[in-house]
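Presented below is the structure to which this report refers.
What follows is calculated from the coordinates using simple rules that are stated; it is not laboratory data. In this text the structure is predicted, and so the values were computed from the model without any measurement. Because the Cβ atoms are built from the backbone with ideal geometry, glycine has one as well, and the counts that use them run over all protein chains shown.
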Amino acid sequence: MKTILLASLALSSALAVVPSVQADEKAMEAAGHQLFAHHCAACHSLDTSENAFGPSLFGVVGRPAASVPRFAYSKAMQASGITWTEDNLRKWITDNEALVPGTRMRHVAISDPAEQDYLISFLRSLK
Ligand code: HEC
């Protein structure tokens, strides 16, 4: 209980850094980095080439799905034919299993549009 409270305090203070509408790109990235640490980093490395439980997300924006060398993607991901546009990334983090049924990635459901903006802004910075 205590841990959950602390974690949510840490997250809300990270998000509080971001002024509501005209958050500048750096602040968006920083908030996205926090969200990434909480929701994604357990499985995704930020290293250019290192694959963890999930493929590296370095340079993911604009990249075709299932294109990181030496990562064992699911058949579903290989057959998806999608490119990681910002639009598709938004769909993916809203409900990844709806976008690519049969994916090996555990279900994530980040439906808050502001949180999605932060995460995508952070992913865009990985290049
Ligand atoms: C429990 C581990 C896990 C978590 C947590 C996780 N992922 Fe994944 N992710 C994976 C796996 C495994 C794959 C490969 C899926 C497949 O091949 O079907 C993947 C694939 C992806 C892809 C496609 C990459 C490519 O090269 O085609 C993206 C984008 C992605 N994840 C983003 C995220 C984001 C953003 C988060 C946090 C909101 C996240 N993931 C959280 C395990 C995870």
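Once you put a point 7 Å from the Cα of R70 and another 7 Å from the Cα of N51, both along the Cβ direction, what distance in nm separates them?
For the pair R70/N51, the computed spacing is 0.9 nm.
Lys and Arg at +1, Asp and Glu at -1: add these up for the other residues within a Cβ distance under 13 Å of E86 and post the number. Don't skip to the end; give the middle numbers.
Numbers: positive: R63, R90, K91, R124; negative: D87, D117.
Local net charge: +2.
What residues have an amide H closer than 5 Å to that of T83, excluding those fewer than 5 places away on the same chain, when H is modeled at 1.01 Å from N in the peptide plane?
A65
Between T85 and A109, how many nm apart are label points set 7 Å from Cα along the C-beta direction?
2.7 nm
Which shape class applies to segment 56-100: rounded if a/c is under 1.5, otherwise prolate when a/b exceeds b/c and oblate if not, where a ≥ b ≥ c are the square roots of the Cα gyration tensor eigenvalues? Each step should come with its number before you reach the end.
Details: a/c = 1.83, a/b = 1.19, b/c = 1.54.
Oblate shape, in that a/c is at least 1.5 and b/c is the bigger or equal ratio.
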